[in-house]
Amino acid sequence: MTEAKEAILLVGGKGTRLRPLTVHTPKPMVPAAGVPFLTHQLARARAAGVEHIVLATSYLAEVFEPHFGDGSSLGLSIEYVTEREPLGTGGAIRNVASRLTSGPDEPVLIFNGDILTGLDIRALVTSHATSGADVSLHLTRVEDPRAFGLVPTDGTGRVTAFLEKPQTPEEIVTDQINAGAYIFRRSVIDTIPADRPVSVERETFPGLLASGAHLQGMVDSTYWLDLGTPQAFVRGSADLVLGRAPSPRSRAAAATASSCPPRPSRRTPNSPAVRSSANAR
């Protein structure tokens, strides 16, 4: 099976909607289920066969490397590239291109640092290879797509348009949205303009489509949550703890906890038993 051995993780956002949590901590480093949220994303990438990840950093960039180092503790090789000034999603991708070692036709996984998802990454890579696409996008379905960019596709899954945040019923032609994870053919990354801000959603994808490039969509709605607000972050963290949101890191922690022998009781023979909170008055 074809695998994406390299990935770019976009972690440069300021997390404005998450303040005050992000005043001194970049959004991907805010704890979720006991570890920085980024840990769950790195673990998912590694579980899908990724070996080398480049973190595209900007806001509070100095926080990442002291925590993750070279990535060896996660079975990864991690590099860090910091923007001198904000470059947008497309500009951030182009800014780290020199650190990639993949061949021109090999797949590169790219994903946003604020999305909690159950995406089957291997399936996305396989879909990309089978379709022969230049770029493949993870799409998910939502009940109210007005806050998102719509991505309609034809019967084969090929993307036909990119529609930004529709408001009228006539503009809502699909419930499929861009879910923030992509597979790029390595050579396509080099076509993104360098050294200036570029939005991959508003400029790169529509431009590729207009030029006749093949953009493929794969719908996977197993679990998806944008962690852009405090309420969503709390929900996502709870879902990780409860197992509703899949994470290799959470499974590993649960397995470790279940394999540990129970701690002996500290209660002395004459001390009263502690009641559970359900029975406490």
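The values are calculated or read from the model by the stated rules, or taken from the named source; none is laboratory data. All figures in this text were calculated on a predicted structure; none of them were measured in a lab. Because the Cβ atoms are built from the backbone with ideal geometry, glycine has one as well, and the counts that use them run over all protein chains shown.
Consider region 31-74. How many of its residues are farther than 21 Å from LEU100 by Cα, in a strand (DSSP E or B) and in contact (Cβ under 8 Å) with a residue 40 or more places away in the chain?
Residues in region 31-74 being farther than 21 Å from LEU100 by Cα, in a strand (DSSP E or B) and in contact (Cβ under 8 Å) with a residue 40 or more places away in the chain: 3 in total.
What pairs come out if I take residues in region 96-109 that are buried (at least 17 other Cβ atoms within 10 Å of the Cβ) and pair them with residues that are basic (Lys, Arg) and assigned to a loop (DSSP other than H, G, I, E, B) whose C-beta lies under 7 Å away, six or more apart or interchain?
Partner pairs satisfying both residue conditions: SER102/LYS5.
For region 97-143, name all the residues that are in contact with a Leu (Cβ under 7 Å, 6 or more places away or on another chain), over 21 Å from LEU42 (Cβ atoms) and β-branched (Val, Ile, Thr).
Residue satisfying the conditions is VAL135 alone.
Would you check which residues across region 74-104 are over 20 Å from the mean Cα position of the chain (by Cα) and more than 14 Å from PHE184 (Cα to Cα) and list them?
Once the filter is applied, which keeps residues that are over 20 Å from the mean Cα position of the chain (by Cα) and more than 14 Å from PHE184 (Cα to Cα), region 74-104 yields ARG84, GLU85, SER98.
If you check ALA48 against the conditions, is it of a type in the set (Gly, Ala, Ser) and more than 15 Å from GLY113 (Cα to Cα)? Walk me through it before giving the result.
On the way: of a type in the set (Gly, Ala, Ser): yes; more than 15 Å from GLY113 (Cα to Cα): yes.
Yes.
So which of VAL159, VAL173, VAL151, VAL188 ends up being of a type in the set (Val, Ile, Thr), over 23 Å from ILE121 (Cα atoms) and surrounded by 13 or more Cβ atoms within 10 Å (Cβ to Cβ)?
It is VAL173.
Identify the residue in region 197-226 that is more than 16 Å from the chain's Cα centre (by Cα) and of a type in the set (Val, Ile, Thr) and, among all such residues, is nearest to GLY157 (Cα to Cα).
The qualifying residue nearest to GLY157 (Cα to Cα) is THR204.
Taking region 16-30 as the search range and keeping residues that are polar (S, T, N, Q) and assigned to a loop (DSSP other than H, G, I, E, B), which one is modelled with the highest pLDDT?
It comes out as THR25.
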